[in-house]
Amino acid sequence: MNKYFSLPALAPVIQEEKAGGKSIILANGCFDLIHVGHIRYLAGAKERGDVLVVALNSDASVRRLKGPGRPILSQEQRLEIIAAFWVVDYVTLFEEDKVDRVLLELKPHIHIKGSDYTEETVPEKDTVKSYGGRVAIAGGPKVRNTSDLIREIADKIQDE
């Protein structure tokens, strides 16, 4: 099954899932160099509902958010990696820095963010509330982030 859909193609698929009584969960992020925090976040998100949609930041969006040299992996590679996880039902790509447009198009029941946020600090919380959804946090304590992992790898290479 192909899990990747453009946002316009994904919207009717999600409507059909909702019509079938499924609860829709949306997680989002850059997912550049997968690590255990990503796995815990996605697994925790999937526990909250029936259908997990992952909205992936485009390469241009990652560059704006993370700076020069990022992403490490192209959006095509990141899409393929995220789609390979059994907990992920659908993947879509978005160009913006925040996921508001995806939220308004799909109107998931729950928008999940990682544990580097609280329900009060989720940037899109007002968007989610505007259509009657709710925000939640998943993934357990923050143990790693990709930027730190990249620095750690670079330091180890320099030390050799």
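Just so you know, all these numbers are worked out from the coordinates, no wet-lab data involved. This one's a predicted model, so the numbers in the text were calculated from it and none came from an experiment. Reconstructed Cβ throughout: ideal geometry from the backbone, glycine too, with neighbour counts over all protein chains shown.
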Of all chymotrypsin sites (Phe, Trp or Tyr not before Pro) in the stretch 61-117, the ones in DSSP coil with at most 13 other Cβ atoms within 10 Å are 86
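Which percentage, to the nearest 5, of the DSSP beta bridges contained in the stretch 20-110 is antiparallel?
For the stretch 20-110, the DSSP antiparallel bridge percentage is about 0.
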Highest GNM mean-square fluctuation among 59, 116, 89, for the chain with Cα springs under 10 Å, belongs to 116
When 33, 26 are arranged by how many other beta-carbons sit within 10 Å of their Cβ, fewest first, they go 33, 26
Summing -39500 (n - 2.57) over every DSSP H run of at least 4 residues in the chain and dividing by its residue count gives a helix-only mean residue ellipticity at 222 nm, to the nearest 500 deg cm²/dmol, of -12500 deg cm²/dmol
Stretched fully, the stretch from residue 86 through residue 101 gains (0.36 nm per residue minus C-alpha distance, one decimal, in nm) 2.8 nm
The base-10 log of I(q)/I(0) that the Debye equation returns for the stretch 7-159 at q = 0.15, 0.17, 0.20 Å⁻¹, one scatterer per C-alpha, is -0.76, -0.98, -1.36
A correct fewest-to-most ranking of 24, 34 by other Cβ atoms within 10 Å would be 34, 24
